[in-house]
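A short worksheet on the structure shown next.
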Amino acid sequence: MASGFGFQGGPSRCFGFWQQFTKCYASTDEPSKCRIQADDYLECLHRVRETQRAKAVKAEFIRKAEHQAHEGRKTADILADGVIVGVGLIQRDKGDSGSH
């Protein structure tokens, strides 16, 4: 973020958040009022909350897979049915042979 330009030559992905933070910081007498903008900027840089959410989704996927494995399904079938990215929103039909 030092230069304000991204790798492709345009503005960096977090530049908008940086502008919001600096606008707030410049227009207030109490910098603590800009905590939300600062948090958004830091999240954009480091992606801490995004990583935590991804870990929670993965843990839930593993928990459901283990539960289904105890119900008699093969682990390979469980993993083939539910990719983490899918989040279980689209279920494969029981009659489907596994080809997509």
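Each value in this text was obtained by applying a stated rule to the coordinates, not by laboratory testing. None of these values were measured; they are calculated from a predicted model.
Quick look at the values:
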{"quantity": "Amide hydrogen neighbours beyond the local backbone of S12, cut-off 5 Å, H modeled", "calculated": "F5, G6"}
{"quantity": "Net lengthening on full extension, E30/V48 (0.36 nm per residue, minus Cα-Cα)", "calculated": "3.9 nm"}
